[in-house]
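Note sheet for the following structure.
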Amino acid sequence: MLLSTMTGDLAQTFSHKKAIKIIKEAGFDAFDLTLCDMFINAKKPFNENCPFNSDDYLDYAKDLRKYADKIGIICNQAHAPFGSSCGIPETDEIIFKQIVRSMEIASIMGAKIIVVHPKQHLTYAENTEELFNLNVEFYKSLIPYCEKYNIKVATENMWQYNNNSKSIIDSTCSRAWEFCKYIDTIDSEWIVGCLDIGHVSLIGADIPEFIKTMGNKRLQALHVHDTDFIHDSHTIPFLEKIDFTAVSKALGEIDYQGDFTFEVQAIFRKYPKELLPSVAKFLCDVGRYLIEQTK
C-alpha cells in the first residue's frame with residue numbers, strides 16, 4: 001500500500017516542483033496531483049493562471065514528470081477539476097473538456113487513477129433518480145478516454161449543504177448502497193470508487209461498515225482526512241472525531257488493495273510556509289502508523 005498526499009496547497013504556496021520535493025523529502029511514496037484549480041467556478045470555468053490550462057500544458061506536464069522521476073517519487077493518482085457540472089450546457093461543455101484534459105495530464109504523470117466528482121448540481125433529495133441517470137451517462141462517456149490514456153476514473157461520495165438547516169445532508173454516492181449501485185451499474189473495469197473518509201462521517205454513516213460494503217473490488221482509492229462530524233475540515237487524523245483505528249481495521253478486513261492518500265489541504269493553510277515541510281513529515285508519520293494498523 002503506497003502512502004501519498006495531494007500537491008494541493010503546497011503547490012499553491014510554492015510551485016508544483018517544490019510541492020513534489022517537499023512530499024518526497026517528508027517520506028511519502030507518491031503524490032496525488034491536484035488539478036482542481038483548472039476550474040474556478042460556474043461563472044469562471046477556465047482559470048487562465050493555471051499552467052495546466054495553458055497551450056503548452058503537455059510540455060509542462062512532461063517536464064514535471066521528468067522532475068518527479070529524477071528525484072525518485074511517483075504520481076499514484078490525481079484529482080480532476082470540480083464541480084463536474086453546473087447545469088449550464090455551455091459551461092458544462094468547458095468543464096467536460098477540462099476533465100478530459102486532466103485525465104491526459106494525469107496519464108502523462110503516471111497516475112493510475114484520477115478522482116472525478118459526480119455531477120450534483122441538482123438538489124439530491126428531489127432529483128436522486130435524475131442525478132443517477134446523469135452520472136451513469138457521464139461516467140460511461142469517460143470510458144473511451146480511460147482507454148485512450150490508460151487511467152481509471154474513480155467516482156467519490158459527496159455531500160450537499162442545506163441552507164435552511166445550516167447542515168450537511170446526503171448527496172450522490174453518500175450512502176454505501178448507492179455508491180455500489182453506481183459502480184455495479186456502469187460495470188466497467190475503468191470506473192471504480194474513491195471513498196472520502198471525511199465525507200462519510202459528515203452524513204452520519206458508519207465508516208467501517210461503508211468500507212466493508214464496498215469491498216476491495218469497488219473501493220480502489222481513498223481520500224483520508226479527519227472531521228468534527230459537522231464541517232468538511234480536511235485535517236490530520238486524530239485531531240478531530242473520526243475513529244481511525246476502526247477505519248484501518250476495516251481496510252485490513254477487506255484486504256484493501258489501493259493506496260492510502262491524504263486529502264488534508266486545510267492543515268497546510270494554518271502554518272507559516274517555513275514550517276510546511278515539517279507538517280508534511282508529521283503527516284507522513286501519521287500515515288505510516290495508520291497503514292501499519294491495517295495489517
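Search the stretch 82-108 for residues being β-branched (Val, Ile, Thr) and outside any loop (DSSP other than H, G, I, E, B), and hand back the single one that is most open to solvent (accessible area, probe 1.4 Å). Looking at the filtered set, the residue picked out is Ile94.
Results for (1) out of contact with any helix residue (DSSP H, G or I) (no Cβ under 8 Å at 6 or more places or on another chain); (2) basic (Lys, Arg); (3) surrounded by fewer than 15 Cβ atoms within 10 Å (Cβ to Cβ), shown as yes or no for each residue.
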residue	(1), (2), (3)
Leu10	no, no, no
Ala19	no, no, no
Phe28	no, no, no
Asp37	no, no, no
Lys44	yes, yes, yes
Phe52	no, no, no
Asp56	yes, no, yes
Tyr60	no, no, no
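For the stretch 109-132, a residue qualifies if it is open to solvent by less than 40 Å² (accessible area, probe 1.4 Å) and under 16 Å from Asp32 (Cα atoms), and the qualifying residues are Met109, Gly110, Ala111, Ile113, Ile114, Val115, Val116, His117. Contact annotation: residue pairs with Cβ atoms under 6 Å, 6 or more positions apart or on different chains, pairing a residue in the stretch 81-96 that is modelled with pLDDT of 90 or more with a partner that is assigned to a helix (DSSP H, G or I) and not small (Gly, Ala, Ser), are Pro81/Cys36; Pro81/Met38; Pro81/Gln98; Ser85/Asp92. Beta carbons closer than 9 Å, at least 6 apart along the sequence or on distinct chains, pair a first residue in the stretch 273-295 that is under 17 Å from Ile211 (Cβ atoms) and open to solvent by 30 Å² or more (accessible area, probe 1.4 Å) with a second that is hydrophobic (A, V, I, L, M, F, W, C) and part of a helix (DSSP H, G or I) for Gln293/Phe244; Gln293/Val247; Gln293/Leu251.
Identification of helices (runs of 4 or more DSSP H) wholly contained in the stretch 153-237 with 3 or more residues that are among the charged types (D, E, K, R) yields 176-186, 207-218.
The values are calculated or read from the model by the stated rules, or taken from the named source; none is laboratory data. Note that the structure is predicted; figures quoted are calculated from it, not measured. When we count neighbours, we look across all protein chains shown, and the Cβ atoms used for this are built from the backbone with ideal geometry, even at glycine. The accessibility values were calculated without ligands, DNA or RNA, using every heavy atom of the protein model including side chains. Shrake-Rupley method; radii C 1.70, N 1.55, O 1.52, S 1.80 Å.
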